[in-house]
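Step one of this worksheet: look at the structure below.
The values are calculated or read from the model by the stated rules, or taken from the named source; none is laboratory data. Given the structure is predicted, the values throughout are model-derived calculations rather than measurements. Positions of Cβ are backbone-derived with ideal geometry, glycine not excepted, and every protein chain shown enters the neighbour counts. Quick note on the areas: whole protein, heavy atoms, side chains included, nothing else; ligands and nucleic acids left out. Shrake-Rupley method; radii C 1.70, N 1.55, O 1.52, S 1.80 Å.
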Amino acid sequence: MPKFYVETYGCQMNFADSEIIASLLQKEGYANTTELTEADYVLINTCAIRDNAEQRIRKRLRELRAAQQHNPKMRIGILGCMAERLQSQLMVEEEIVSFVVGPDSYRRLPEILKQVRQAGVKSAETELSTTETYDDIEPVRLNSNGISAYISIMRGCQNYCAYCVVPYTRGRERSRDPHTIVLEAQHLFDQGYKEVTLLGQNVNSYRWRCEGDEVDFPELMRRVAEVSPRLRVRFATSHPKDLSDKLLEVMSQYDNICKSIHLPVQSGSDRMLKLMNRHYDSAWYLDRIAAIRRYLPDCSITTDVIAGFCTETEEDHQQTLEMFRKVRYDYAYMFKFSMRPNTYAEKHLKDDIDETEKTRRLEEIIALQGKIALENNQLEVGKTFEVLVEGESHRSKEQLFGRNSQNKVIVFDRHNVQPGQYVLVRVKDCTAATLIGELVEQ
Ligand code: 5AD
Ligand code: SF4
């Protein structure tokens, strides 16, 4: 059996795609290996969101050149967002790449691998689709802890944020048949999984219409939550423009829908938000935060933010800091703006904030957020949470770690507890990133 090895970069969506790829290949008689040295095919599932994501892949390709010299039968392919962005040009720029396959062409992979091997040709498949959702493919869980899994519920994005490459690499938005989503959740639960995360670029615009059945995202959440009260349900990512009260209401009705919302703000300045084409302003965003607090008082809120977008002034930056002070996020993914080819920004705006200034602004946001995260965690000391145990703590075998509903990591002494169990843990102490607790007798 020919063997394939998969390496994944980028977002959760890409990790979910790698599991679809593994499933498609195994069905056609290819075996998965975790040993690079024995691979006939090395598949690199790539990200294109910022320039440094692409630079990392280029560096990895240089390393793989040496591996290929030891194993000349090895064929290397680039999949995912960078494949879609650069298409066959990538095989010209990077000689060791034999095939390039975009996110909507994975069904063609078995055939492409055969062609590359038998005919010795190079191949590029980067057509985008308006319908492909891989809804009939049961993913093969790669590097799984057997406890939590991703379920992809939709693909693509058509919000066209001015800075973002995703609409060009993942195509039009399309939702997956809800019946297949619920079945996948049920199968995972039957296999012993305790947590699923529903994934999409903008889950709030999930919508399925078929023979009088109309399912929107709140309804989908309800159906997945009904699989079992012992199956936790999470989701990512929400666009603030479409976060509905209806969703918050459904979240409040089910204990197993986790109380954690990722709501990327990107900037606190109305001028920047408009230029970014985000379709909301700071007042709208704060209204959505107030709605979350109203429906779900114990919900954690996390975000994404970009420092130094085109024309951003010191005043705009100060408004971002102000937004962070008002919302008091539990966690934030913080980035420097990186100009991406083909985006609205690249065509119409100038990347005019110099690197040192971007770094200064980013560091200011990071410092503020670090302080807020610590203060938020300090408020948790003394509280008791139900924790789903995920595994051994990285620091000590004597300790386990898990997450509470709010997605905060808690470490505690293991006693007789096993990964996969739900336990009650009382918080004794914390850092900005972790809660430290002790088991409560049950
Ligand atoms: N530069 C910097 N950050 C970006 N993001 C998306 N595009 C860019 C870019 N060109 C960030 C956004 C998004 C997250 C996934 O990545 O904050 O929410
Ligand atoms: Fe990267 Fe965006 Fe593609 Fe995910 S969808 S892999 S974040 S470019």
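Among the numbered criteria (1) of a type outside the set (A, V, I, L, M, F, W, C); (2) in contact with a strand residue (DSSP E or B) (Cβ under 7 Å, 6 or more places away or on another chain); (3) surrounded by 22 or more Cβ atoms within 10 Å (Cβ to Cβ), which single criterion is violated by residue 139?
Looking at each condition in turn, residue 139 falls short on (2).
Kindly indicate the residue of region 21-40 that is outside any loop (DSSP other than H, G, I, E, B), open to solvent by 10 Å² or more (accessible area, probe 1.4 Å) and of a type outside the set (Gly, Ala, Ser) and also nearest to ligand 2 (Cβ to nearest atom) among those meeting that condition.
Result: 24.
Can you pull out every residue in region 81-127 that is hydrophobic (A, V, I, L, M, F, W, C), in contact (Cβ under 8 Å) with a residue 12 or more places away in the chain and either under 20 Å from residue 69 (Cα atoms) or open to solvent by 60 Å² or more (accessible area, probe 1.4 Å) (or both)?
Within region 81-127, 91, 96, 97, 99, 113, 116 qualify.
Which numbered condition in (1) outside any loop (DSSP other than H, G, I, E, B); (2) away from ligand 2 (no atom under 13 Å from the Cβ) is the only one that residue 72 fails?
Every listed condition holds for residue 72 apart from (1).
Which ones in region 47-81 are closer than 26 Å to residue 335 by Cβ and touching a Leu at 6+ places or on another chain (Cβ under 7 Å)?
Residues satisfying the conditions are 78, 79.
Check residue 431 against each of (1) touching a helix residue (DSSP H, G or I) at 6+ places or on another chain (Cβ under 9 Å); (2) open to solvent by less than 60 Å² (accessible area, probe 1.4 Å) and name the one condition it does not meet.
It fails just one condition, (2).
Would you please name the residue that is farthest from ligand 1 (Cβ to nearest atom), looking only at residues in region 337-362 that are open to solvent by 60 Å² or more (accessible area, probe 1.4 Å) and closer than 19 Å to residue 82 by Cβ?
By that ranking, first place goes to 342.
Say we look at region 261-318 and pick out the residues that are of a type in the set (S, T, N, Q) and under 22 Å from the mean Cα position of the chain (by Cα); which of these is surrounded by the fewest Cβ atoms within 10 Å (Cβ to Cβ)?
The qualifying residue surrounded by the fewest Cβ atoms within 10 Å (Cβ to Cβ) is 277.
Could you please find all residues in region 347-369 being among the small types (Gly, Ala, Ser) and under 17 Å from residue 265 (Cβ atoms)?
Hits for region 347-369: nothing passes.
Which ones in region 41-59 are free of Cβ contacts under 8 Å to residues at least 60 places away in the same chain, within 16 Å of ligand 2 (Cβ to nearest atom) and open to solvent by 10 Å² or more (accessible area, probe 1.4 Å)?
47, 53, 55, 56, 58
Go over the candidates 183, 220, 188 one by one and state the one that is surrounded by fewer than 20 Cβ atoms within 10 Å (Cβ to Cβ) and either under 18 Å from the mean Cα position of the chain (by Cα) or not in a strand (DSSP E or B) (or both).
183
Please enumerate the residues belonging to region 126-156 that are within 23 Å of residue 185 (Cβ to Cβ) and of a type in the set (A, V, I, L, M, F, W, C).
Answer for region 126-156, where residues must be within 23 Å of residue 185 (Cβ to Cβ) and of a type in the set (A, V, I, L, M, F, W, C): 137, 140, 142, 147, 149, 151, 153, 154.
Mind listing whichever residues of region 1-18 are open to solvent by less than 20 Å² (accessible area, probe 1.4 Å) and assigned to a helix (DSSP H, G or I)?
Those that are open to solvent by less than 20 Å² (accessible area, probe 1.4 Å) and assigned to a helix (DSSP H, G or I): 13, 14, 16, 17, 18.
Among the listed residues 386, 392, which satisfies the condition of being open to solvent by 60 Å² or more (accessible area, probe 1.4 Å), more than 16 Å from ligand 1 (Cβ to nearest atom) and touching a Pro at 6+ places or on another chain (Cβ under 9 Å)?
392
Residue 332: outside any helix (DSSP H, G or I), within 27 Å of residue 267 (Cβ to Cβ), in contact (Cβ under 8 Å) with a residue 12 or more places away in the chain and of a type outside the set (D, E, K, R), yes or no?
Yes: the conditions hold for residue 332.
Residues in region 385-442 that are among the small types (Gly, Ala, Ser), within 21 Å of residue 255 (Cβ to Cβ) and in contact with a Leu (Cβ under 7 Å, 6 or more places away or on another chain): how many?
Restricting attention to region 385-442, the residues satisfying the condition of being among the small types (Gly, Ala, Ser) are 391, 393, 396, 402, 405, 420, 432-433, 437.
Going one step further and asking which of them are within 21 Å of residue 255 (Cβ to Cβ), we end up with 402, 405, 420, 437.
Going one step further and asking which of them are in contact with a Leu (Cβ under 7 Å, 6 or more places away or on another chain), we end up with 402.
So the count comes out to 1.
Looking at 320, 356, which is the one that is free of Cβ contacts under 8 Å to residues at least 40 places away in the same chain, in a helix (DSSP H, G or I), on the phi < 0 side of the Ramachandran plot and not charged (D, E, K, R)? Outline the logic, then answer.
Working: 320 fails: free of Cβ contacts under 8 Å to residues at least 40 places away in the same chain.
When all the criteria are applied, what remains is 356.
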